[in-house]
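Each remark here refers to the structure printed beneath this line.
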Amino acid sequence: AADQLSVEKRPIARKEMPALADNVRVAIDQAAEATGVDRNLLRAVALVESSGNPNAESHRGARGLMQLMEGTARELGVKNVFDPLENALAGARYLKRMLLNNGGDERLALASYNAGPGNVRRHGGVPPFKETINYIERVLDLRQRLGGGNT
C-alpha cells in the first residue's frame, strides 16, 4: 500500500521553482505525449494539485499526483490512484476532456478541473469561487515559469 500523505495546498512563492522527481516528470511527459495536452500545463497542474507528490491525499478525498476524486478515477479506469503514470494519464485525459468541452479555453478547462464542469456550466464561465480563481492563476503562472506552452 502507498504511504498516504495529507498535502496542504499553499501558494507557490514567486521565486520558488518547484522540482519534480524523475519518475513523476517521466510520467507527466508520457501522459502529455499520449494525450497531446501541453507538458508544462500538466506539470503545473500536478505541482499545484499535489506539489508533485504521487502519494498526496487531500482532506476532500482527492488522491495522487493529479488529485483525482474517487468517482473520476473510477470513471477513468484507474486501478492504483497512487501510481504516478496511471494517475498522470488519467488526469491528462480528464484535462483534455475539459479542454475539448470548453473549446480549448484553458481557463475554463482549469476551472472545470478544479470546481467541476457543472459549476462552470451553472455560472456560464469561471465560477466566482476564490479557490478556483486563485487555482487558475497559480497554474497558469507556474506553467509560464516552467517555459510556457507546447514544450
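Just to verify a result, which residue in the stretch 108-149, among those that are within 13 Å of the chain's Cα centre (by Cα) and of a type in the set (Lys, Arg), is surrounded by the most Cβ atoms within 10 Å (Cβ to Cβ)?
Going through the qualifying residues, I end up with ARG143.
From the residues in the stretch 41-71 that are surrounded by fewer than 20 Cβ atoms within 10 Å (Cβ to Cβ) and out of contact with any strand residue (DSSP E or B) (no Cβ under 9 Å at 6 or more places or on another chain), which one is nearest to ILE136 (Cα to Cα)?
Filtering the stretch 41-71 for residues that are surrounded by fewer than 20 Cβ atoms within 10 Å (Cβ to Cβ) and out of contact with any strand residue (DSSP E or B) (no Cβ under 9 Å at 6 or more places or on another chain), the one nearest to ILE136 (Cα to Cα) comes out as SER51.
As an exercise: evaluate GLY64 against (1) within 18 Å of LEU110 (Cα to Cα); (2) out of contact with any Pro (no Cβ under 7 Å at 6 or more places or on another chain) and give the number of the one condition it does not meet.
Here GLY64 meets the rest and fails (2).
Restricting to the stretch 4-40, give me the number of residues that are open to solvent by less than 60 Å² (accessible area, probe 1.4 Å) and either at pLDDT 95 or above or within 18 Å of LEU140 (Cα to Cα) (or both). Working first, answer last.
Here is the first cut: in the stretch 4-40, the ones open to solvent by less than 60 Å² (accessible area, probe 1.4 Å) are 7, 12-13, 18, 20-21, 24, 27-29, 31-32, 35, 37-38, 40.
Now drop any that are not either at pLDDT 95 or above or within 18 Å of LEU140 (Cα to Cα) (or both), which leaves 12-13, 18, 20, 24, 27-29, 31-32, 35, 37-38, 40.
Qualifying residue count, the stretch 4-40: 14.
The values are calculated or read from the model by the stated rules, or taken from the named source; none is laboratory data. Everything quoted here is computed from the prediction, not taken from an experiment. Ideal geometry is used to build each Cβ from the backbone, glycine not excepted, and the neighbour counts take in all protein chains shown. Side chains are part of the model used for accessible areas, which takes the heavy atoms of the whole protein and leaves out ligands, DNA and RNA. Shrake-Rupley method; radii C 1.70, N 1.55, O 1.52, S 1.80 Å.
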